[in-house]
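Reviewing the structure listed below.
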Amino acid sequence: MSDDRYRFYQQPFQTGDYSFMQLAFVVDDVEAAALRWVEAHGVGPFFVLPDNGPVRVVHRGVETQLHTRIAVTQAGPLQIELVQQLSDNASVFRDLYGSGEGGAHHLCTLVDDYDESVGHYARLGYELAAEQYAPGLGRVGYVDTATGLGVMTELVERSPAFLAMLAKTASICAAWDGTHPVRIPRPTVLPSPS
């Protein structure tokens, strides 16, 4: 098989705050959607992130709890993220898709100056629709660019811990041999005290 099909995107990866490293989709079932991606596009493996329960999010100025199930894989320079919302409350995901609906949701970029990036979009008239803080990773914001651009824009504060997570996923995916296409973490079982 010729590698000519890759020549159109084999260029240096864009750097800076407005380079995109992830494309995310809202799905109704993370595992089933991941298997469809593997079958259709041959990307994988998908890692289903541990379920840490609902997280605190500020959505459209209102503090709420959001419970999601997320799976990620690396497809060349692009991470594919699948998001299944488990809670029924309003969210950036429900802003675009109702329960049982899905499709492309956001592009993600890592930013060095989170506040400046939020300000950049605000100056263009795009509202910060939701924001959360991930301990050890930093701030994550979703800018509502859907009206003008068709998808939201996720801003992730660049941190060494987050970059290490991305690198680990990318290295495993780069060497993937097709086995175990959807990987779900097992709960840690501690031995009972004797």
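Residue separation times 0.36 nm, minus the C-alpha to C-alpha distance between Leu35 and Asn89: what's the value?
This chain segment gains 16.7 nm when fully extended.
Which percent, to the nearest 5, of DSSP beta bridges fully inside the chain are antiparallel? Before the final figure, lay out each step's value.
Details: 32 of 45 bridges.
About 70 percent, rounded to the nearest 5.
In debye, nearest 20: dipole of the chain around its Cα centre with unit charges on the Cβ of K, R (+) and D, E (-)?
Computed about the Cα centre, the dipole is about 380 debye.
Given the convex hull over the Cα atoms of the chain, what projected area results after averaging over all orientations, in nm²?
Averaged projected hull area, Cα only: 13.9 nm².
If you roll a 1.4 angstrom probe over the protein chains with everything in place, what fraction of the accessible area of the chain belongs to carbon and sulfur, to the nearest %?
Ligands and nucleic acids excluded, carbon and sulfur reach 56 percent.
Restricting to Cα pairs below 8 Å that are 6+ residues apart, what does the relative contact order work out to for the chain? Please round to a whole percent.
Normalised by residue count, the contact order of the chain is 25 percent.
So for each of 117-128, 149-160, 168-179 I average, over its residues, the number of other beta carbons within 10 Å; can you give me the resulting order with the highest mean first? Mind showing how you got there, number by number?
Working: 117-128: 14.7, 149-160: 17.9, 168-179: 12.2.
The most tightly packed comes first, giving 149-160, 117-128, 168-179.
Given an 8 Å cut-off on Cα distances and at least 6 residues of separation, report the relative contact order of region 108-193 as a percent.
25
Lys and Arg at +1, Asp and Glu at -1: add these up for the other residues within a Cβ distance under 13 Å of Val43 and post the number.
On the way: positive: Arg36; negative: Glu39, Glu81.
Result for the neighbourhood of Val43: -1.
Report Glu116's accessible area, 1.4 Å probe, all protein chains in place, as a number in Å² to the nearest 10.
Ignoring ligands and nucleic acids, Glu116 comes out at about 80 Å².
Over what distance in Å are the Cα centres of region 110-132 and region 25-77 separated?
Here the answer is 22 Å between Cα centres.
Quick one: net charge of Leu86's neighbours, Cβ under 9 Å, K/R +1, D/E -1?
Around Leu86, the charge tally is -1.
May I ask for the net charge around Thr147, where only other residues with Cβ less than 13 Å from the Cβ of Thr147 are counted and Lys, Arg are +1 while Asp, Glu are -1?
Working: positive: none; negative: Asp95, Glu127, Asp144.
Overall, the nearby charge balance is -3.
The values are calculated or read from the model by the stated rules, or taken from the named source; none is laboratory data. Just so we're clear, the structure is a prediction, and the values are computed from it rather than from any experiment. Here the Cβ is made from the backbone with ideal geometry for all residues, glycine too, and neighbour counts use every protein chain on show. Ligands, DNA and RNA are stripped out before the accessible areas are found, and what is left, the full protein with its side chains, is counted by its heavy atoms. Shrake-Rupley method; radii C 1.70, N 1.55, O 1.52, S 1.80 Å.
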